[in-house]
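Read through the structure below, which is laid out as structure tokens, and then see the notes.
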Amino acid sequence: MLSIITLICLFCCVIPASVGNIIAYPVSKKISLRISKYITKVCAPRVFAILKTYRHFNFWGYKKSKEGLPQQFIAISNHQSLLDIPVFMNFFREKNLRFVSKDTLGRHIPLVSEMLRVEEHCLIPRKAKPMEAMEYVGKFGKRCVERNQIPVLFPEGSRTKNGKVGKFYSAGFRRLAESSHLPIVVFALDGGYQIRDLTKLTANLKRGCYRIKALKVYDNPKTKEECNIILDEAQNMIQMQIDEWRKMPSTEK
């Protein structure tokens, strides 16, 4: 019964805004931007509140880890599911985040697609050549600096299937660092791999949890070698944090 109630509440939270943005996007960018802001600032927190109320699914955002962060920075993190995006939005309600993603997310995904497009997130065409992809990232980095936005990059490039942190690729990260000149903040996420598809969603939502924490701040890297050092260290420290979290019950922060 609670599963049905949860689905109804999520439907009521997500679908009206999604449909409204689908209708508004081709007609008025101004209206679509307002709806998108409502999605990021209101809908994302409500989704986790619904999951907490009816499925005892905890959102553990380690707020103390945000203390002392730069005003503007590049966020890099491991990647487990599409929910990583609303998790970041919920953790940083006070910031304007922009994500680097494949352009496939800009189509046919309720709540997400129109928002990513109208807010001008970095949607890289799947068939783009390497030089073209880097041009997208470079323009995106400069745009984020001009608009006081926080660029978020998942250096793994794709979502993990088993929850382990995959290899961090350097090309997009290096171009984003070069174009923005922003410091780097490493984040760890965990919980998304358990609900990455519908079969796991129904089984693992109950009494599960999602965690996010800032781990370390780096100065903007100036060389390829510095970029590689940051990514290698980030991959290792994220995996260590995840291993530590998985020793804890989902009810414990």
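The values are calculated or read from the model by the stated rules, or taken from the named source; none is laboratory data. These numbers come from a predicted model, not from an experiment. Heads up, the Cβs are rebuilt from the backbone with ideal geometry, glycines too, and the neighbour counts pull from every protein chain shown. Note: areas computed on protein heavy atoms with side chains; ligands, DNA, RNA excluded. Shrake-Rupley method; radii C 1.70, N 1.55, O 1.52, S 1.80 Å.
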Tell me the residue from Leu182, Leu105, Leu176, Leu116 that is within 30 Å of Lys206 (Cβ to Cβ) and open to solvent by less than 20 Å² (accessible area, probe 1.4 Å), please.
Leu116
Among helices (runs of 4 or more DSSP H) entirely inside segment 62-160, those with 2 or more residues being within 12 Å of the chain's Cα centre (by Cα), of a type in the set (Val, Ile, Thr) and closer than 19 Å to Val42 by Cβ are 84-91
Scan segment 20-44 for residues that are open to solvent by 70 Å² or more (accessible area, probe 1.4 Å), of a type in the set (A, V, I, L, M) and without any contact (Cβ under 8 Å) to a residue 40 or more places away in the chain and jot them down.
Ile23, Val27, Ile31
Taking segment 1-60 as the region of interest, how many residues are touching a Gly at 6+ places or on another chain (Cβ under 6 Å) and either aliphatic (A, V, I, L, M) or over 24 Å from Glu252 (Cβ atoms) (or both)?
1
Filtered residue count, segment 140-163, keeping only those that are modelled with pLDDT of 90 or more and open to solvent by 70 Å² or more (accessible area, probe 1.4 Å):
4
When segment 49-80 is examined, which residues are found to be closer than 15 Å to Ile212 by Cα and at pLDDT below 90?
Phe57
Failed item, numbered, when Asn90 is tested on (1) buried (at least 21 other Cβ atoms within 10 Å of the Cβ); (2) closer than 20 Å to Ala177 by Cα
(2)
Search segment 224-248 for residues that are under 14 Å from Tyr210 (Cα atoms) and pair each with any residue that is of a type outside the set (A, V, I, L, M, F, W, C) when their beta-carbon atoms are under 6 Å apart and the residues are at least 6 apart or on different chains.
Ile242/Asp190; Trp245/Asp190; Trp245/Arg211
